[in-house]
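Where a number appears in this text, it was derived from the coordinates with a stated rule and is not lab data. All values reported here derive from a predicted model rather than from experimental measurement. Glycine gets a Cβ as well: all are built from the backbone with ideal geometry, and neighbour counts include every protein chain shown.
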Amino acid sequence: MNRLLLMMLLLVFMACGVNQQAKQIKALEQCKYEVKSVDSVFLAGTDVVQLLRSGNIDTRSMGGVAMGMLRKEIPLKGILKLKITNPTTNLAGINQFQYQLLMKDRTLATGLVNQQIKVKPGETAEIPVLIDANVYGLLSNGSVLQELSDFISGKNPNQESVLTIKLKPTIAIGNKTINYPGWITFDRKVTRNLLL
């Protein structure tokens, strides 16, 4: 009898934990998201901020991209600082989340942030998202490559790109994790000033 009671109590606690996590994720869906900054961005080993500041694209600065085109591997590394503001009256939070970054409906990067995030009601949190991706597929498109070249050289100082960010929270149930059934998706404009 004690065993049955213990099992029932355990199931109740697990259900309460899942319900609490679902409530926190629901609050997370209602949060406001913005890209606060993008730091330490390197494209094929070249510091993108230095390229933007100089506005000079030459074979020396883009040699890594050219070699990457031949190898079909152009690494993009950086840190995206995501600002999350919780306008609700509930705690917003997740244990970890998968992410996708897209530009022009093409995947730029995917990954996992294995960090517990809690945003209290009415407060804001900044979350660093490490980017480590092969962007060959994106840059092998001639129009995207030209747009990137124009963006770096500053030919059009008001040029903007739209970055789509998708988050898929994970719910912990005991020792197991279950992916949330949908994606939390938002679009943000990216300008040269964001990177400088």
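Skipping prolines and chain starts, which residues have an amide H placed within reach, meaning under 5 Å, of the one on residue 88, given they are 5 or more residues away or on another chain?
122
At 7 Å along the Cα-to-beta-carbon direction for both residue 124 and residue 66, put a label point, then send me their distance in nm to one decimal.
Here the answer is 4.3 nm between the modelled labels.
So which lysines pass the test for residue 77, namely a Cα distance under 30 Å, with those fewer than 8 places away in the same chain ruled out?
Cross-link targets: 32, 36, 104, 118, 155, 166, 168, 189.
Full extension from residue 110 to residue 30: what is 0.36 nm times the residue separation minus their Cα-Cα distance, to one decimal in nm?
26.5 nm
What are the ³J(HN,Hα) couplings of region 41-50, residue after residue, when phi is run through the Karplus curve with 6.51, -1.76, 1.60 and θ = phi - 60°? Round to Hz, x for glycine and proline.
For region 41-50, the Karplus-derived couplings read 8, 10, 10, 6, x, 9, 5, 5, 4, 4 Hz, x marking Gly and Pro.
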